[in-house]
1. Among the residues of segment 61-95, count how many are of a type in the set (Asp, Glu) and in contact with a Leu (Cβ under 8 Å, 6 or more places away or on another chain).
2. Looking only at segment 27-46, how many residues end up being in a loop (DSSP other than H, G, I, E, B) and touching a Cys at 6+ places or on another chain (Cβ under 8 Å)?
3. In segment 53-79, how many residues are surrounded by fewer than 23 Cβ atoms within 10 Å (Cβ to Cβ), at pLDDT below 95 and farther than 13 Å from CYS98 by Cα?
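The values are calculated or read from the model by the stated rules, or taken from the named source; none is laboratory data. If you're wondering where the values come from, they're calculated on a predicted model, not measured in any experiment. Don't worry about glycine lacking a Cβ; one is built from the backbone with ideal geometry, like all the others, and counts go over all protein chains shown.
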Amino acid sequence: MGLSMYISIVVLCTLGWTAVSEANQASIRLVGGRHLAEGRVEVFHGNEWGTVCGESWTYEDAMVVCRQLGFRTEGAKAYKDAWFGDGIGDIFLDDVLCVGNERTLGECPHSGWGNHDCYHSEDAGVSCGK
């Protein structure tokens, strides 16, 4: 079926493609990529979008983001250091420690909403398999 029914796709003229998932009450999106299945990882929390720190960002974390957005996990890649550009606003997640089999990023252990020691120059990104 391709993208799951939880996916909303928005085309943003200035940012390129953005994929959004509203699964498990924790919305995520990819911003700033060249195509729909890549970009900076952003999460929706407290009525605003924020970023994820990439300090400890791994392949397993990328797999979970891709799965949540309905993309293939094979060939997923994790990016650190704002590969897809610096985000704005709050940094909501840090020290994300996914095992890789979680259905959503919200199921992965992390340091708590809003607890971080990062800068936007460290924002996490992913590229999902095609």
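1. Taking segment 61-95 as the starting set, the residues that turn out to be of a type in the set (Asp, Glu) are 61, 74, 81, 86, 90, 94-95.
Of the ones still in play, those that are also in contact with a Leu (Cβ under 8 Å, 6 or more places away or on another chain) are 61.
Of the residues in that region, 1 qualify.
2. Residues in segment 27-46 being in a loop (DSSP other than H, G, I, E, B) and touching a Cys at 6+ places or on another chain (Cβ under 8 Å): 1 in total.
3. So the count comes out to 6.
Table: residues versus (1) in a loop (DSSP other than H, G, I, E, B); (2) of a type in the set (Gly, Ala, Ser).
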residue	(1), (2)
GLU55	yes, no
ASP61	no, no
VAL64	no, no
THR73	no, no
PHE84	yes, no
PHE92	no, no
LEU97	yes, no
SER111	yes, yes
ASN115	yes, no
